[in-house]
1. Could you rank Val93, Val111 by how accessible they are, 1.4 Å probe, largest area first?
2. Whenever you get a sec, compute what percent of the accessible area on segment 14-134 sits on carbon and sulfur atoms (1.4 Å probe).
3. Considering the Cα trace of segment 43-134, what is its radius of gyration and what is Dmax, both in angstroms?
4. Taking amide H positions as placed 1.01 Å from N in the peptide plane, with prolines and chain starts having none, which residues 5 or more places from Met97, or on another chain, fall under 5 Å of its amide H?
5. Find the accessible area per residue for segment 26-134; the probe is 1.4 Å, ligands and nucleic acids are left out, and the unit is Å².
6. If the cut-off is a Cα-Cα distance under 28 Å, which lysines reach Lys63, setting aside same-chain residues fewer than 8 apart in sequence?
7. Once the piece of chain linking Ala42 and Lys102 is laid out straight, how much longer is it, given 0.36 nm per residue of separation minus the C-alpha distance between them?
8. Would you calculate the separation in nanometres between label points at Ala115 and Arg25, each defined as 7 Å from the Cα along the Cα-to-beta-carbon direction?
Amino acid sequence: MKVFIPILFLVFVGCKTEERRFENRFIWDALDVTATAYNSLAYQTNSNPHITAFGDSLKPGLKYIAVSRDLLKKGLKYNTPVKIEGLKGVYFVKDKMHYRWKNRIDIYMGVDVKAAKQWGRRRVCIEFGIPKME
């Protein structure tokens, strides 16, 4: 029992410390966007729904987003970390949307169509990380 408590402490505190260390490597900028959700299903994307526009592979459980191309120019480029209002954790820009969309993100929700529909479309504040110069 004496060994179990310190290990449990390290698991809970260690993860938060690591997360804070990661977040401290960035300057976080805020932006209001329209957020929708998508799944890696052919009828929602194309004939190869598990590959992003940047060439990354999608797998359920990954915290990835697609961004409208105007947001790429605002600093949300490939691999940018993003915190989304209403969702836990940090997501990463791994995909880009069609040119017709503006000021929009699309949150990857694996193959869970129900979760994507439940999310729907909403306005949210996001924070995206700009690497600090060291």
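The values are calculated or read from the model by the stated rules, or taken from the named source; none is laboratory data. Remember, it's a predicted structure, so these values are computed and weren't measured experimentally. As a convention, Cβ positions derive from the backbone with ideal geometry for all residues, glycine included, and neighbour counts pool all protein chains shown. Note: accessible area is taken over every heavy atom of the protein model, side chains too, but ligands, DNA and RNA are not part of it. Shrake-Rupley method; radii C 1.70, N 1.55, O 1.52, S 1.80 Å.
1. Details: Val93 0, Val111 85 Å².
Solvent-accessible surface, decreasing: Val111, Val93.
2. Result for segment 14-134: 52 percent of the exposed heavy-atom area is carbon or sulfur.
3. Spelled out, the Cα radius of gyration and Dmax of segment 43-134 are 13.0, 45 Å.
4. Sorted by chain and number, the residues that satisfy this are Val67, Ser68, Arg69.
5. Working: 6330 Å² over 109 residues.
Normalised by residue count, the accessible surface of segment 26-134 is 58 Å².
6. Lys16, Lys73, Lys74, Lys77, Lys83, Lys88, Lys94, Lys96, Lys102, Lys114, Lys117, Lys132
7. Working: separation 60, 0.36 × 60 = 21.60 nm, distance 2.29 nm.
Result for the pair: 19.3 nm of gain on full extension.
8. Simple spin-label model gives 2.5 nm for this pair.
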